[in-house]
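Peer 1: If you scroll down you'll find the structure; I have some questions about it.
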Amino acid sequence: MTENRARAGHVLVWEQAEMSTDEGIIPEKRFGTRHYIVFMLFLGMANAYVMRTNMSVAIVAMVNQTAIEKESELLDDECPDTDYGDEKDESQDGEFIWSTSMQGYILSSFFYGYVITQIPFGLLAKRYGAMRFLGWGMLINSVFAFVVPVAARQGGAGWLIAVRFIQGLGEGPIVPCTHAMLAKWIPPNERSRVGSIVYSGAQFGTVISMPLSGLLADHGFDGGWPSIFYVFGIIGTVWSIAFLWTCHEDPVTHPRIRDDEKKYIQQSLWGNASVHIPPIPWMNIAKSMPFYAILLAHLGQNYGYETLMTELPTYMKQVLRFSIKTNGVLSALPYLAMWLFSIVVGWVADWMLTSGRVNHTWTRKISNSIGQYGPAIALIVASYTGCSRALTVAILTIGVGLNGGIYAGFKINHLDITPRYAGVLMAFTNCSANLAGLLAPIAAGNIIEGKPTIAQWRIVFVIAACVYIFTATFYNIFASGARQFWDNPENDEPQKPSIEAPTHSEMNGSSAGNGTSGTLVHRTINEHQS
């Protein structure tokens, strides 16, 4: 698409929050095609996290615990012992004799496959489209779930590690490709709630996976634990086929979308839908402070979240002598709180935008502050709760619940600053953040090794809180909700054959299927500055 850029005294600008309402092209208030896409992406995210977490439940039933020589567990004697919350179910022993370290290799094998495919799939999705990579990747993940029991029984731990690694490779596209599809389907004023809904599928999947996996392990077929992978494998396969069959890359290629909805999306996403996407502006991205704000917020999020969800339960076991993991309801509470709160924050954030009272930048900063300062305070408070078990559980739930604010904060911010390269940026930040998340258990392990006292654990929690506070503050200083100049379609190289851009009046009278990418809004420099 080419345009005459020699507009004397005028510049071309776009305003994300007002684009759709300027033209009066608001679709009917009913369930649209984009809502179906959101629903499918939500289920895809839930399915992805089911596949990530079901092994942690299954491996308990797979391993013969009584046959393993256990190391003596260090416990702190500052808090009194309890006769509840620490029951051990020894009703059955598993069929495998795997050491604790081998179990760690098995559990982490999925993660390594997942991390190394983040950036490649982000780049491929930008070049070839995101929908098929997402659908086929999750299909590979789901199909290999059927192979898990066979690999474990016939090939042992080595084959099981290989299969879980392949599953991780298949799940690699889920985050960058989901982000890329949201950039093409969701208007700016709907991104907060839609992003929160889609990514809260992670918590929803975890809430479903943990109790259902436990139930299948105890009462399932083929020995119990294999039914976990068979059942979720079937669910994942059905979703993948349905996604590939019914979903499309963008509104332009969708054959059944209503004309008013297509026009609404295209005009809201001017410069994004059905246009040529030039090479990635690496140098501009490397110098972009809003990008670094998102990157640091993502790094801090994963470090703090890993501390909240993996180290705090360990603290409760070693110091408070109370295991939250033995109670299915309590173990699901933090995830449930985060799922519900993230949806609420998303709706509130979009209301703030549509009301015109708060712009994108401040909406993202406010939401992210709730999502990261809140857990930071919870970690600090938890380190001073002493031996109060009930209070610590409450703090864990509140802290993780408030963490849901990040979905309307930095998590969706990629789409604001660069709709066309959102998937690529998410691939980089998500890969880096997952690697940073590994530091949390490493740091905690070194600090508390040999002396799991309240004072040592307080250091762990305060460090995580400081990481949260620093990265959230950096984000508040440098983040932006405005589309960056290096993602301005007006600066793209002309394409051949050239197509003359429609005028303002032509766009108002054109049909939604004319292949254009949106209305060009012209304002004088003085008007823009005002």
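Peer 1: Among the residues of segment 435-462, how many are over 15 Å from ALA297 (Cα atoms) and not in a loop (DSSP other than H, G, I, E, B)?
Peer 2: 19
Peer 1: Quick one: which of LEU134, LEU123 is touching a residue at least 60 places away in the same chain (Cβ under 8 Å), open to solvent by less than 30 Å² (accessible area, probe 1.4 Å) and under 19 Å from the mean Cα position of the chain (by Cα)?
Peer 2: Of LEU134, LEU123, the one residue that is touching a residue at least 60 places away in the same chain (Cβ under 8 Å), open to solvent by less than 30 Å² (accessible area, probe 1.4 Å) and under 19 Å from the mean Cα position of the chain (by Cα) is LEU134.
Peer 1: Could you grab me the full set of residues in segment 254-279 that are over 26 Å from the mean Cα position of the chain (by Cα), modelled with pLDDT of 80 or more and either in a loop (DSSP other than H, G, I, E, B) or among the basic types (Lys, Arg) (or both)?
Peer 2: Once the filter is applied, which keeps residues that are over 26 Å from the mean Cα position of the chain (by Cα), modelled with pLDDT of 80 or more and either in a loop (DSSP other than H, G, I, E, B) or among the basic types (Lys, Arg) (or both), segment 254-279 yields PRO255, ARG256, ILE257, ARG258, LYS262, LYS263.
Conditions tested, residue by residue: (1) open to solvent by less than 40 Å² (accessible area, probe 1.4 Å); (2) at pLDDT 85 or above; (3) of a type in the set (Val, Ile, Thr); (4) under 30 Å from THR178 (Cβ atoms).
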| position | (1), (2), (3), (4) |
| --- | --- |
| ASN434 | yes, no, no, yes |
| GLY445 | yes, no, no, no |
| CYS466 | no, yes, no, no |
| ALA501 | yes, no, no, no |
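Peer 1: Shifting gears a bit: Hey, ARG357 hits all of (1) open to solvent by less than 10 Å² (accessible area, probe 1.4 Å); (2) of a type in the set (Lys, Arg); (3) at pLDDT below 90 but one; which does it fall short on?
Peer 2: Among (1) open to solvent by less than 10 Å² (accessible area, probe 1.4 Å); (2) of a type in the set (Lys, Arg); (3) at pLDDT below 90, ARG357 violates only (1).
Peer 1: For segment 176-202, give me each residue that is open to solvent by less than 10 Å² (accessible area, probe 1.4 Å) and under 24 Å from LEU435 (Cα atoms).
Peer 2: PRO176, CYS177, THR178, HIS179, GLY195, SER196, VAL198, TYR199, SER200, GLY201, ALA202
Peer 1: Which of the following residues is more than 24 Å from the chain's Cα centre (by Cα), more than 16 Å from TYR49 (Cβ to Cβ) and assigned to a helix (DSSP H, G or I): ASP218, ASP222?
Peer 2: ASP218
Peer 1: Could I ask something else about it? State yes or no: is ALA297 under 30 Å from ALA464 (Cα atoms) and at pLDDT 85 or above?
Peer 2: Against the criterion (under 30 Å from ALA464 (Cα atoms) and at pLDDT 85 or above), ALA297 qualifies.
Peer 1: Quickly run through segment 242-269 and pick out the residues that are touching a residue at least 40 places away in the same chain (Cβ under 8 Å) and either charged (D, E, K, R) or farther than 16 Å from MET181 by Cα (or both).
Peer 2: ALA242, GLU249, ASP250, ARG256, ARG258, ASP259, ASP260, GLU261, LYS262, LYS263, TYR264, GLN267
Peer 1: Out of (1) within 17 Å of GLU306 (Cβ to Cβ); (2) in contact with a Pro (Cβ under 6 Å, 6 or more places away or on another chain), what's the single condition that is false for GLY423?
Peer 2: Answer for GLY423: the failing condition is (1).
Peer 1: Would you kindly identify the helices (runs of 4 or more DSSP H) lying entirely within segment 347-434 that contain at least 1 residues that are more than 18 Å from LEU296 (Cα to Cα) and small (Gly, Ala, Ser)?
Peer 2: 360-382, 389-402
Peer 1: Determine which single condition GLY437 fails, assuming it passes every other condition in (1) closer than 24 Å to GLY172 by Cβ; (2) in contact with a Leu (Cβ under 7 Å, 6 or more places away or on another chain).
Peer 2: Of everything listed in (1) closer than 24 Å to GLY172 by Cβ; (2) in contact with a Leu (Cβ under 7 Å, 6 or more places away or on another chain), GLY437 misses just condition (2).
Peer 1: Let me ask something additional. Any residue at all in segment 110-129 that's closer than 17 Å to CYS247 by Cβ and not in a helix (DSSP H, G or I)?
Peer 2: There is at least one residue in segment 110-129 that is closer than 17 Å to CYS247 by Cβ and not in a helix (DSSP H, G or I).
The values are calculated or read from the model by the stated rules, or taken from the named source; none is laboratory data. Note that the coordinates shown come from a computational prediction; the quantities given were computed from them, not determined experimentally. No Cβ is skipped: glycine too gets one built from the backbone with ideal geometry, and neighbour counts run over all protein chains shown. Surface accessibility is based on the protein's heavy atoms, side chains included, excluding ligands, DNA and RNA. Shrake-Rupley method; radii C 1.70, N 1.55, O 1.52, S 1.80 Å.
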